[in-house]
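The values are calculated or read from the model by the stated rules, or taken from the named source; none is laboratory data. Source: prediction; values computed, not measured. We place every Cβ from the backbone using ideal geometry, glycine too, and count neighbours over all the protein chains shown.
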Amino acid sequence: MEHQQTPISPEMTFPQQHHSDEEFKRRVRKTTILLSIITVIELGIGLTIYTIHKGPDPSHMLVLMFKGMVCILTLAKAYYIVSVFMHLGDEIRNMIMSVVVPLMLFIWFIAAFLWDGNSYKNLRNSYDKHFEEKKIEQKSGGGH
Amino acid sequence: MMWYFLMSDAFTFGAFLISYGSIRFSQNFWADPNVVFNALPGAGHKNLPLAFVSVMTFILIISSVTMVLGVHAGHKGDRKGVIKWLLWTILGGIAFLSCQAWEWHHLITGEHAVLADGKIELIGQTMGGNPWGRLVDGTAVTDALKNTSVQTLASMVHEHHADMNMTDLLKMPQDKLIGMIDLAETHIREKGPIAFGGYFFGITGFHGFHVFSGVIINIVMLIMTWKGVFDRRGHYLMIEKAGLYWHFVDLVWVFVFLCFYLI
């Protein structure tokens, strides 16, 4: 890894690497194909969830599992977009950390608020009879 | 600095999506995305879940790739290359926005039969309500049909018998119209959770606005490149920053796609 002597601009925060043109193109092509494949798999899972819903006895556990898989695949996609297309992976380490560490807040953010929503639902189901009725109707009749 | 702006923007989008998730978790029923998003331009009433949105997703991914190539051309100081790839990226952005305009239009104007207050109504997907509640059938529907206006019944018949003239249908008596409605084919639902419309249009609209401003930024970059501003400056760093913004828009779409269309 060779560093250029004169930085082009003070805002340039990543070491200037001398990627060969060939290597760059290979990397972009690889990432594009990878993103496309992940998207196709996601769509496949989406359609699988649809057929499970249409089926006679939708298994909620299975649907939840597939939804979890799509979430993981999306995170993988996000990683490739950020690290290759936005080349955050090539920046200096402190720069990466100053962007990624604050984003850790999302872990608490997501968990806390989904939990909160879920608890609101449970409370209403226990104490608000009108709300509870709707839930029972939904389970007995129709579905999707 | 661009990175810190993008980080703050990520929190804005994150907060929107999490608030949507929180409301969704608090409901006993939520609209199934495969039922809501099943149309494709030119395909009429065919049921094609996920088809159109996958086109939109690929358009955005490809435009992100052309932006990478544009930024790379900028590193090499290749003015023609930058112009070429920026043009493709702008085209991708405009294509995406057009798709979104069609989708919104289709959702708002496409009317679906819902059972509300003991009668059937035709409503589209708007901020005030959505027609994607749970399916109703049996006596509830037959009772509700008797209370439904001739106007609504005529529209429902017209949907499946496009050969019949609307003015003729409107002259028919109510019970005859009811007899013409094929109950096996008409999926009548309850109204779904109201919050869906606000969140869907709010979040995809906010994202669409980002795409729009990204296209404007890219057009400005294109003009500056054209005039040789970056050649005189000696570097193409501005293209780099516009590229970061554009990739961020793609990144946000990945999550919007996940939250609204897949799960």
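Among the residues of the range A:45-61, some residue qualifies, meaning at least one is out of contact with any Gly (no Cβ under 8 Å at 6 or more places or on another chain), among the hydrophobic types (A, V, I, L, M, F, W, C) and modelled with pLDDT of 90 or more. Quick one: is B:VAL249 within 14 Å of another protein chain (Cβ to nearest Cβ), assigned to a helix (DSSP H, G or I) and of a type in the set (A, V, I, L, M)? In short, yes. Suppose the filter is among the small types (Gly, Ala, Ser), more than 14 Å from chain A (Cβ to nearest Cβ) and either assigned to a helix (DSSP H, G or I) or buried (at least 21 other Cβ atoms within 10 Å of the Cβ) (or both); does B:GLY205 pass it? Spelling it out, B:GLY205 is indeed among the small types (Gly, Ala, Ser), more than 14 Å from chain A (Cβ to nearest Cβ) and either assigned to a helix (DSSP H, G or I) or buried (at least 21 other Cβ atoms within 10 Å of the Cβ) (or both). Listed by first and then second residue, the pairs with beta-carbon distance under 7 Å, at least 6 apart or on different chains, first residue in the range A:104-127 and under 23 Å from B:PHE29 (Cβ atoms), second among the aliphatic types (A, V, I, L, M), are A:ILE110/B:ILE18; A:PHE113/B:ILE18; A:GLY117/B:ILE23.
As a summary of the residue check, B:GLY202 satisfies the conditions (1) closer than 23 Å to B:GLN100 by Cα; (2) free of Cβ contacts under 8 Å to residues at least 60 places away in the same chain except for the one numbered (2). With respect to (1) of a type outside the set (S, T, N, Q); (2) at pLDDT 90 or above; (3) farther than 29 Å from B:LEU237 by Cβ; (4) outside the structural domain of A:LEU35 (by TED's automatic domain parsing), the lone exception for A:MET97 is condition (3). The single condition among (1) in a helix (DSSP H, G or I); (2) in contact (Cβ under 8 Å) with a residue 60 or more places away in the chain; (3) at the interface with chain A (Cβ under 9 Å from one of its Cβ atoms) that B:ILE94 does not satisfy is (3).
In the range A:57-68, the condition of being within 25 Å of B:LEU237 (Cβ to Cβ) and touching a residue at least 12 places away in the same chain (Cβ under 8 Å) is met by no residue. Scan the range B:125-155 for residues that are within 25 Å of the chain's Cα centre (by Cα), of a type in the set (A, V, I, L, M) and closer than 18 Å to B:ARG189 by Cβ and the total you get is 1. Listed residues B:GLY70, B:GLY77; which is closer than 30 Å to B:GLU240 by Cβ and either without any contact (Cβ under 8 Å) to a residue 60 or more places away in the chain or buried (at least 16 other Cβ atoms within 10 Å of the Cβ) (or both)? Checking each option against the conditions leaves just B:GLY70. Scanning the range A:58-90 for residues that are more than 9 Å from chain B (Cβ to nearest Cβ), part of a helix (DSSP H, G or I) and polar (S, T, N, Q) gives a single hit, A:SER83. Per this entry, B:ILE23 is not counted among residues that are farther than 30 Å from B:THR186 by Cα, β-branched (Val, Ile, Thr) and at the interface with chain A (Cβ under 7 Å from one of its Cβ atoms). Is there a residue in the range B:179-196 that is of a type outside the set (Lys, Arg), more than 29 Å from the chain's Cα centre (by Cα), in a helix (DSSP H, G or I) and at pLDDT below 85? Checked the range B:179-196: at least one residue is of a type outside the set (Lys, Arg), more than 29 Å from the chain's Cα centre (by Cα), in a helix (DSSP H, G or I) and at pLDDT below 85. Among the residues that make up the range A:92-103, is at least one of them among the hydroxyl-bearing types (Ser, Thr, Tyr), within 10 Å of chain B (Cβ to nearest Cβ), out of contact with any His (no Cβ under 7 Å at 6 or more places or on another chain) and free of Cβ contacts under 8 Å to residues at least 24 places away in the same chain? Taking every residue of the range A:92-103 in turn, at least one turns out to be among the hydroxyl-bearing types (Ser, Thr, Tyr), within 10 Å of chain B (Cβ to nearest Cβ), out of contact with any His (no Cβ under 7 Å at 6 or more places or on another chain) and free of Cβ contacts under 8 Å to residues at least 24 places away in the same chain. Being of a type in the set (Val, Ile, Thr) and under 22 Å from B:SER63 (Cβ atoms) is a property that holds for A:ILE81.
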